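The values are calculated or read from the model by the stated rules, or taken from the named source; none is laboratory data. Here the structure is a predicted model, which means the values were calculated and not measured. Cβ coordinates were reconstructed from backbone atoms using ideal geometry, including for glycine residues, and neighbour counts include every protein chain displayed. Calculation scope for accessible area: heavy atoms of the full protein, side chains included, ligands and nucleic acids excluded. Shrake-Rupley method; radii C 1.70, N 1.55, O 1.52, S 1.80 Å.
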Amino acid sequence: MEKIILDKINREEAFRYMAAEGYSPEGAMAELADECEQELIAAASPFYTYRVFEIADNNGEKVTLKDCPLLFEGKDISSLLKGCHSAAVMCATVGAGADLLIRKYQIENMAKAFIADAFASAAAEQVCNKFDELLKEKYPDKFITWRFSPGYGDFPLGIQRELLDVLNAGRLAGICVNRSGMLTPIKSVTAVCGISDSELPRGKRGCASCLLKGECAFRKRGTRCEF
């Protein structure tokens, strides 16, 4: 369990979420961005937690873990973890305060709501990056895959609740999941990554393997996310 202090949010990433990649705000827009960033930082309670489990079996269709009830189904997650001896299960959030701030802006000022939502998404990615850094520090001689979240490829979104239960994320950070598999607070993430003794092939990654490709906002505007 790690609480994160964010004193700055990656603006380049935030403006990418606003479909304004490479944009440098000036004047009133810069002041509005500054205000949203500072109020979001004050409202947020960034946090991540994780557990590492030994992999018991990976038959190319599903992955089982030792001393853990989770069952990872799907060829994509099996491919990601091929050659790995362990899997790290994680969740991260910017916190409920960010959700409340965005909802407040939606009532008072939609421009600020739009900006704050993008900044919160960028902040969530920064929290996940902190987890990546910690894992690399903890396993300096190992090779670690990228993060793979439920909903990517054929990795079922329905496993969200089980992931949260294993991490005790509801008690630790108030992260919950609704019937459609969406997380609350909204700016929250669950993911799995593999740990191996030897270097791993990069494997398949990109829009073609994502279940959201038909409704992805990035693709609609001609860009793409980091997956």
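Things to note:
- Filter result for Lys104 (at pLDDT 95 or above, among the basic types (Lys, Arg), assigned to a helix (DSSP H, G or I) and open to solvent by 60 Å² or more (accessible area, probe 1.4 Å)): yes
- Filter result (in contact with a Leu (Cβ under 7 Å, 6 or more places away or on another chain), in a helix (DSSP H, G or I) and closer than 20 Å to Ser45 by Cβ) within the stretch 164-180: Gly170
- Test: residue in the stretch 113-123 that is open to solvent by less than 10 Å² (accessible area, probe 1.4 Å), assigned to a helix (DSSP H, G or I), closer than 21 Å to Phe47 by Cβ and touching a Pro at 6+ places or on another chain (Cβ under 8 Å): yes
Conditions tested, residue by residue: (1) more than 20 Å from Ser196 (Cβ to Cβ); (2) among the aliphatic types (A, V, I, L, M); (3) open to solvent by less than 20 Å² (accessible area, probe 1.4 Å); (4) assigned to a helix (DSSP H, G or I).
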{"position": "Val52", "(1), (2), (3), (4)": "no, yes, no, no"}
{"position": "Ile77", "(1), (2), (3), (4)": "no, yes, yes, yes"}
{"position": "Ala87", "(1), (2), (3), (4)": "no, yes, yes, no"}
{"position": "Asp99", "(1), (2), (3), (4)": "yes, no, yes, yes"}
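- When Ile77 is tested against (1) touching a residue at least 40 places away in the same chain (Cβ under 8 Å); (2) among the β-branched types (Val, Ile, Thr); (3) closer than 18 Å to Ala191 by Cα; (4) out of contact with any Gly (no Cβ under 9 Å at 6 or more places or on another chain), exactly one condition is not met: (4).
- Count of the stretch 54-75 residues, restricted to those that are open to solvent by less than 40 Å² (accessible area, probe 1.4 Å), in contact with a helix residue (DSSP H, G or I) (Cβ under 8 Å, 6 or more places away or on another chain) and in a strand (DSSP E or B), is 2.
- Annotation note: Cβ proximity below 6 Å between a residue of the stretch 111-131 that is hydroxyl-bearing (Ser, Thr, Tyr) and a residue that is part of a helix (DSSP H, G or I) and open to solvent by 10 Å² or more (accessible area, probe 1.4 Å) (sequence gap 6+ or interchain) occurs for Ser121/Tyr17.
- Test: residue in the stretch 188-198 that is modelled with pLDDT under 90, part of a loop (DSSP other than H, G, I, E, B) and among the acidic types (Asp, Glu): no
- Filter pass, Ile5 being of a type in the set (A, V, I, L, M) and open to solvent by less than 90 Å² (accessible area, probe 1.4 Å): no
- Test: residue in the stretch 134-154 that is touching a Leu at 6+ places or on another chain (Cβ under 9 Å), open to solvent by less than 40 Å² (accessible area, probe 1.4 Å) and closer than 19 Å to Glu54 by Cβ: yes
- Hey, Asn168 touching a residue at least 24 places away in the same chain (Cβ under 8 Å) and open to solvent by 50 Å² or more (accessible area, probe 1.4 Å) or not: yes
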